[in-house]
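There's a structure below that I have some questions on.
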Amino acid sequence: AAASIGQVHRAKIETSGEVKDVVVKVQYPGVADSIESDLRNLSMLIRMTGLAPKGLFLDNVIRVGRDELLVECDYEHEAQ
């Protein structure tokens, strides 16, 4: 398992004879697709083990986590 969803690399590109420094951000294959199943598994594990503190609205925590992770995976939106 990786602690990151991708890697960032420095690069140079040449356009019209001009060399520009750029950053290339590469997402690990399958990261975005695995979010839903990973969160379902996490939710089930927390419920089965009773690890969640009383009063925690686990469904809300999972929903917010899902939303945030999906935003992190949207490199096109981030580039705008």
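Please build a GNM for the chain, connecting alpha carbons under 10 Å apart, and tell me which residue among Val61, Val22, Val31 fluctuates the most.
Maximum among the listed residues: Val22.
Given the Cα-Cα distance of Glu36 and Val61 and 0.36 nm per residue of separation, how much length would full extension add, in nm? Provide the component values of the computation, followed by the final result.
Numbers: separation 25, 0.36 × 25 = 9.00 nm, distance 1.36 nm.
Additional length available on full extension: 7.6 nm.
Taking only protein heavy atoms and a 1.4 Å probe, what accessible area per residue, in Å², does the chain have with all protein chains in place? Let's see the in-between values first.
Working: 6680 Å² over 80 residues.
Dividing the accessible area of the chain by its residue count gives 84 Å².
Summarise the accessible area of the chain (1.4 Å probe, protein heavy atoms) by the percent that is carbon and sulfur.
56
Hey, any idea what the orientation-averaged projected area of the convex hull of the chain's Cα atoms comes to, in nm²?
Values: hull surface 28.9 nm².
For the chain, averaging the hull's shadow over all directions gives 7.2 nm².
How tilted is helix 31-49 with respect to the longest principal axis of the chain? Cα atoms for both, answer in degrees (0 to 90, nearest 10).
20
Over the heavy atoms of Arg66, what accessible area does a 1.4 Å probe trace out, to the nearest 10 Å²?
Roughly 60 Å² of Arg66 is accessible to a 1.4 Å probe.
Treating only the Cβ atoms of Lys and Arg (+1) and Asp and Glu (-1) as charged, compute the dipole magnitude of the range 8-57 about its Cα centre; round to the nearest 20 debye.
Values: 7 positive and 6 negative charges, 60 e Å.
The dipole magnitude comes to about 280 debye.
Rounded to the nearest 10 Å², what accessible area does Thr49 have for a 1.4 Å probe in the complete protein model?
Accessible surface of Thr49 is approximately 70 Å².
The values are calculated or read from the model by the stated rules, or taken from the named source; none is laboratory data. Keep in mind the model is a prediction, meaning the values are calculated, not measured. So basically every Cβ, Gly included, is an ideal-geometry build from the backbone, and we count neighbours across all protein chains shown. The protein model used for the area step is the full one, side chains on, heavy atoms only, and it has no ligands, DNA or RNA in it. Shrake-Rupley method; radii C 1.70, N 1.55, O 1.52, S 1.80 Å.
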